[in-house]
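Only one structure is covered here, and it is reproduced in the block below.
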C-alpha cells in the first residue's frame, strides 16, 4: 500500500454554499412557542478555566438553580466527564433507569475547553444513564455548545425531570437570561430544527457563530440508540453543521424528557476567555503544534484532506476493516469508499474544524448531495463526514460500497438523531441474521436485508424514525434484538449470541479485533461498553506493532484507558494526540505514547488552571474518575467480570466460512501458538481448538489487566486502590465496593 | 496586489544601519518602542548574506483562518479584522515564511500590511512597494 498523494485537480467542483434551506418554516415554529419560565442570571467568564458554578434545570418542575463548583469537585473530578459522573451519581439511585425522571443528562466542557490556540479544544462531555446499558454512558462531542455554555457562565448543565410537552431551553450568555419555552409542532430532525433555532436566537447574521444548538431527531424517540447533535455555524458554507454525542442512546433520554433542543447564545469568542494563568505557554504550545500539522500532516495521516476516513484502506490492507458484520477484514470493493475517493468528494476549498483553532480540521463535509429517499427526498444537503466509523459501519460492515448511498445513510442517521456506529453494527447484525435465515422477509416486514442493499437499509431507518414495524425492533439495538430473536425461536441461540457484536448492551465500533488481543480487551474491558474512546489500541497493536508481547498489551490496557479518559475530563479531542506526531517521534522512548504531545497536554492544563501537574499526575487524575465510574457501574448492578465478557465474533472465527477464508493463518496459529498439529483435523475441530485457545487467552488478559488496574479478579476496585486514589473520602463509594469484596 | 519587496543588492542585512525599517514599523504602526515587534525582521547570516522575514501577501493565512478575520483589501493586501480574530494563531503556524507575528502582550497577531512606512526610512533605498499579481488560492 503506497502513501496517497493529494491531487487538488481531482477535487469535485461542487458549490459548497448551495443547499436546501428551511427558513420558510421559521415563523410557524415561532408561532408554536410559548415561554413558560424565564430566570435572569449574571453572565460571567471563566477564571483559570472554571466559572465555578453549574446550572441545574429540572425540565419537569421548571426549577432552575445555580450550584457552586467546590474545590473537591475540581481536585477529584477535574471537569467534563468527571463533573458529569459526579452530578449523575448524586442524582440517581441504584434502581434508577434511563427513563426515570431522576436520570440526568449532564453536559460539561472541562477547564481547558474553549481554548482557541491548540487543536481539538472545544469538546463537551455528555453523561447520562444509558437506555442501552443501564449504566453511565459518556460521550465526547465537538461543536460550540460546551465552550459557549462555559463562556456564558457555567461549567456544567444538569438536566433532570421530564416535561409534559416539548420544551426548548435557551441560555443567553450575553443578556443573562435562562428561558424555558414550550413548543408545539415544528420540526424534530436536526438539520432543519437547528438551522431554524440558530437563526431564531441569533441577533443578526454576525451573531450566528455565537449560537449553538443541541438537538436530536425523529428516530431518537422511537429507538434506544438516539444521539445528540451539537451544532456549530460554518461561516463559509453559511450553514449549521454538527458533531455528534453518539454512543449509548443519550438522544433517546433527551426525547424521553421531552427536550426538543438546547440553545446557547454566548459572547463573541476571543483567545483569552478562559483567563488562563499562563497564556504565553499556551500560545507557544499551540503555534508549535500548528506548525507540526502544516509540516507533517500531508505525509502522515492527511487528516486535513480526508478526516478520519484516511484509515479505511489501511484497515483493509491489514485485514482489520469490518466486512459483513465483522466476519472478514477486507473486501475487493473497498476502493470505492476509501480516502482516495473521499478526498475528491469532500469539499477541500474551505475551513473545517468543529472548534476554533483546530488545525487538524478532520470535520470534513460532503456538499451537494441530493437525497434519493425519505421525507427529504430531492433536497440538497451537506453531509458531515463521512468519518472512518461511518464508512466502515454503514459501508463495508453492511456491504454498502456505493458512496452516495453511504452518504445518504450517514445524513439520515445524523438528522434522525441516531448513532452511526450503533446503527452500522446493528444493521450488519440484521443482515447476517438475514443471510443465515434467522430473519427473513416476513420477519422484517418485507425488508430484503441482504448485504449491500442500501435501499432496504434506508427504509429500515425511515421506519425506525416513524416508529414502525421492524425499524422499531432494530432500534432496540443488538442486545435486545438477540434476546427477542432467541425468544421467538428464530435461530440457534449460541450463534445469535456469538455474532451479535455488543458488550454491556452497547454495539462494537468498527474495528476487527479477532487478531488483536489488545483491542479485544480495549473493547470489552471498558467502563461504558465497546467503543474506541477508551482504548483505541488496534493501530499500535496491528499496524505499528508497538505492543508485541502479552505484557505490553496488558500494560497498554492499564495506561491508555486512563490517558484517554483525561481528554474527557478537560474538554480535549483525542485525535490531535496521535493522528499527527512529531517527525522524530519514532526515535523517542515509548513512542506509542507520543511523549512530546503528552508534555503538551501537561503544559496546557497547568497553564490554564495554574495547577502544576506532570505526566504521572495526569494519569492519577484520570484514575480517580475511571475507578469512580467503575464503582458507579457496580452500584448500578453491572461493572463486574461477567459484564466484561466479549461476544466470540470479537475474539475469533465463529463460522466455518470465516475460518476457511483465513485457513492458512488459523492453521499456522494452531502450530505456533498452541503447539498442536492441525493436520487431519476437520474445520469444526480446528475451530473448537481456536475457541478454547482464544477464550483462555482473553480470560488471562482479564486477570492481568484487572490486577494491573488494582481490581480484584472479579473486576472490583480494591479498598487499597480506592485509598491510593483518595476515593475513600466518599463513604458511598466505599460502601458499594465493600459489598463485593 | 501591493507587496513589500526588499532588494538584497542594496540591503546589507543591517550591518551598516540601525534597522531603521524595523524601528519605524514598531513605533509608527504598532506604537511600541521595540523593533522586535516590527512586522519585518532583517536577519544577517554569518556568511555575509541575509534575509527579511516579511509578509508577501500570499494569502495562505486567509484560507486557514476559522473566523474569516483575514481578508484582502482593495489593494490586495491581507488585513486582519481584530473584531473577528479569535486568537487561534493558525495564521502564525501555517505561514511558511514565519511572517505572521505575535506580541506576548496582545491576543491578536500581526503582520506586514504593505503600508510602506519602512520604505521611506531605509538608508539604502532597499525597500519598495510593488504591484504584483495576486497568487491563486491554495488548498492548505
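The values are calculated or read from the model by the stated rules, or taken from the named source; none is laboratory data. Everything numeric here is computed off the predicted structure, so don't read it as measured data. We place every Cβ from the backbone using ideal geometry, glycine too, and count neighbours over all the protein chains shown.
Please tell me if residue A:612 is in contact with a helix residue (DSSP H, G or I) (Cβ under 8 Å, 6 or more places away or on another chain) and outside any helix (DSSP H, G or I).
Yes.
Please go through segment A:347-385 and pick out each residue that is under 17 Å from residue A:457 (Cα atoms) and touching a residue at least 12 places away in the same chain (Cβ under 8 Å). Give the steps one after another, and end with the answer.
Looking only at segment A:347-385, we keep the residues that are under 17 Å from residue A:457 (Cα atoms), and these are A:371-377.
Of everything in segment A:347-385, those that are under 17 Å from residue A:457 (Cα atoms) and touching a residue at least 12 places away in the same chain (Cβ under 8 Å) turn out to be A:371, A:372, A:373, A:374, A:375, A:376.
Taking the criterion of being within 14 Å of another protein chain (Cβ to nearest Cβ) and buried (at least 20 other Cβ atoms within 10 Å of the Cβ), would at least one residue in segment A:35-51 satisfy it?
no
With the structure loaded, tell me whether residue A:522 is touching a strand residue (DSSP E or B) at 6+ places or on another chain (Cβ under 7 Å), within 22 Å of residue A:130 (Cα to Cα) and in a helix (DSSP H, G or I) or whether it fails that test.
No: the conditions fail for residue A:522.
Pick out, from segment A:275-370, the helices (runs of 4 or more DSSP H) lying fully within it that include 3 or more residues that are at the interface with chain B (Cβ under 9 Å from one of its Cβ atoms), in contact with a helix residue (DSSP H, G or I) (Cβ under 9 Å, 6 or more places away or on another chain) and within 17 Å of residue A:577 (Cβ to Cβ).
Result: A:279-296.
Considering only segment B:69-84, state which residues are more than 14 Å from every other protein chain (Cβ to nearest Cβ), under 19 Å from residue B:102 (Cβ atoms) and crowded, with 17+ Cβ neighbours inside 10 Å. Don't jump to the end; show me each part of the working.
Residues of segment B:69-84 that are more than 14 Å from every other protein chain (Cβ to nearest Cβ), as a first pass: B:72-79.
Retained after the next criterion (residues that are under 19 Å from residue B:102 (Cβ atoms)): B:78-79.
Matches in segment B:69-84: B:78 only.
Regarding residue A:170, is this residue closer than 28 Å to residue A:285 by Cα, in the same structural domain as residue A:202 (by TED's automatic domain parsing) and either part of a loop (DSSP other than H, G, I, E, B) or touching a residue at least 12 places away in the same chain (Cβ under 8 Å) (or both)?
no
Go through (1) farther than 30 Å from residue A:346 by Cα; (2) part of a loop (DSSP other than H, G, I, E, B) one by one and return the number of the condition residue A:496 breaks.
So the condition that residue A:496 fails would be (2).
Tally time: how many residues in segment A:565-590 are touching a helix residue (DSSP H, G or I) at 6+ places or on another chain (Cβ under 8 Å) and either surrounded by fewer than 18 Cβ atoms within 10 Å (Cβ to Cβ) or within 26 Å of residue A:529 (Cβ to Cβ) (or both)? Quick ask: steps written out before the conclusion?
Here is the first cut: in segment A:565-590, the residues touching a helix residue (DSSP H, G or I) at 6+ places or on another chain (Cβ under 8 Å) are A:565-583, A:585, A:588-589.
Keeping just the survivors that are either surrounded by fewer than 18 Cβ atoms within 10 Å (Cβ to Cβ) or within 26 Å of residue A:529 (Cβ to Cβ) (or both) gives A:565-579, A:583, A:588-589.
Residues meeting the conditions: 18.
Just to check your reading of the model, which residue among B:66, B:104 is buried (at least 22 other Cβ atoms within 10 Å of the Cβ), within 14 Å of chain A (Cβ to nearest Cβ), without any contact (Cβ under 8 Å) to a residue 40 or more places away in the chain and within 30 Å of residue A:274 (Cβ to Cβ)?
Result of the check over B:66, B:104: B:66.
Of the numbered conditions (1) in a helix (DSSP H, G or I); (2) not assigned by TED's automatic domain parsing to the domain that holds residue A:414, residue A:534 satisfies every one except a single condition; which is it?
(1)
State yes or no: is residue A:651 in contact (Cβ under 8 Å) with a residue 12 or more places away in the chain and either buried (at least 21 other Cβ atoms within 10 Å of the Cβ) or under 18 Å from residue A:288 (Cβ atoms) (or both)?
On the way: in contact (Cβ under 8 Å) with a residue 12 or more places away in the chain: yes; either buried (at least 21 other Cβ atoms within 10 Å of the Cβ) or under 18 Å from residue A:288 (Cβ atoms) (or both): yes.
Yes, satisfied.
Looking at the structure I just gave you, is residue A:729 surrounded by 14 or more Cβ atoms within 10 Å (Cβ to Cβ) and on the phi < 0 side of the Ramachandran plot?
Spelling it out, it is not the case that residue A:729 is surrounded by 14 or more Cβ atoms within 10 Å (Cβ to Cβ) and on the phi < 0 side of the Ramachandran plot.
Go through segment B:96-128 and report how many residues are in contact with a strand residue (DSSP E or B) (Cβ under 9 Å, 6 or more places away or on another chain) and under 30 Å from residue A:116 (Cβ atoms).
Selection size over segment B:96-128: 15.
Only one residue in A:299, A:248 is buried (at least 24 other Cβ atoms within 10 Å of the Cβ) and either within 23 Å of the chain's Cα centre (by Cα) or not assigned by TED's automatic domain parsing to the domain that holds residue A:594 (or both). Which one?
Just one listed residue meets the conditions, A:248.
Going by the conditions given, is residue B:137 farther than 22 Å from residue A:122 by Cα, over 15 Å from the mean Cα position of the chain (by Cα) and at the interface with chain A (Cβ under 9 Å from one of its Cβ atoms)? Steps first, answer last, please.
Working: farther than 22 Å from residue A:122 by Cα: yes; over 15 Å from the mean Cα position of the chain (by Cα): yes; at the interface with chain A (Cβ under 9 Å from one of its Cβ atoms): yes.
Answer is yes for this residue.
Please pick out the residue among A:467, A:424, A:417 that is surrounded by fewer than 17 Cβ atoms within 10 Å (Cβ to Cβ) and either in contact with a strand residue (DSSP E or B) (Cβ under 9 Å, 6 or more places away or on another chain) or in contact (Cβ under 8 Å) with a residue 12 or more places away in the chain (or both).
On inspection, the qualifying residue turns out to be A:467.
With A:486, A:473 as the choices, which residue is without any contact (Cβ under 8 Å) to a residue 12 or more places away in the chain, in a helix (DSSP H, G or I) and within 24 Å of residue A:396 (Cα to Cα)?
Only one candidate qualifies: A:473.
Exactly one condition in (1) free of Cβ contacts under 8 Å to residues at least 40 places away in the same chain; (2) more than 20 Å from residue A:349 (Cα to Cα); (3) more than 8 Å from chain A (Cβ to nearest Cβ) is not met by residue B:87; state its number.
If we test residue B:87 against (1) free of Cβ contacts under 8 Å to residues at least 40 places away in the same chain; (2) more than 20 Å from residue A:349 (Cα to Cα); (3) more than 8 Å from chain A (Cβ to nearest Cβ), just (3) comes out false.
So that you can scan it fast, the table gives a plain yes or no per residue for (1) touching a strand residue (DSSP E or B) at 6+ places or on another chain (Cβ under 8 Å); (2) crowded, with 22+ Cβ neighbours inside 10 Å; (3) under 26 Å from residue A:529 (Cα atoms):
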| residue | (1), (2), (3) |
| --- | --- |
| A:149 | yes, yes, no |
| A:185 | no, no, no |
| A:192 | no, yes, no |
| A:205 | no, no, no |
| A:216 | yes, yes, yes |
| A:228 | yes, yes, yes |
| A:236 | no, no, no |
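Please count how many residues of segment A:545-563 are free of Cβ contacts under 8 Å to residues at least 40 places away in the same chain and assigned to a helix (DSSP H, G or I).
3
Give the residue that is farthest from residue A:335 (Cα to Cα), with candidates limited to residues of segment A:1-19 that are surrounded by fewer than 15 Cβ atoms within 10 Å (Cβ to Cβ) and away from chain B (no Cβ under 14 Å).
Ranking the candidates gives A:18 first.
Answer yes if at least one residue in segment A:335-342 is modelled with pLDDT of 95 or more, surrounded by fewer than 20 Cβ atoms within 10 Å (Cβ to Cβ) and closer than 30 Å to residue A:500 by Cβ, and no otherwise.
Yes: segment A:335-342 contains one or more residues that are modelled with pLDDT of 95 or more, surrounded by fewer than 20 Cβ atoms within 10 Å (Cβ to Cβ) and closer than 30 Å to residue A:500 by Cβ.
So which residues in segment A:90-123 are within 20 Å of residue A:628 (Cα to Cα) and under 16 Å from the mean Cα position of the chain (by Cα), if there are any at all?
Across segment A:90-123, the qualifying residues are A:105, A:106, A:107, A:108, A:109.
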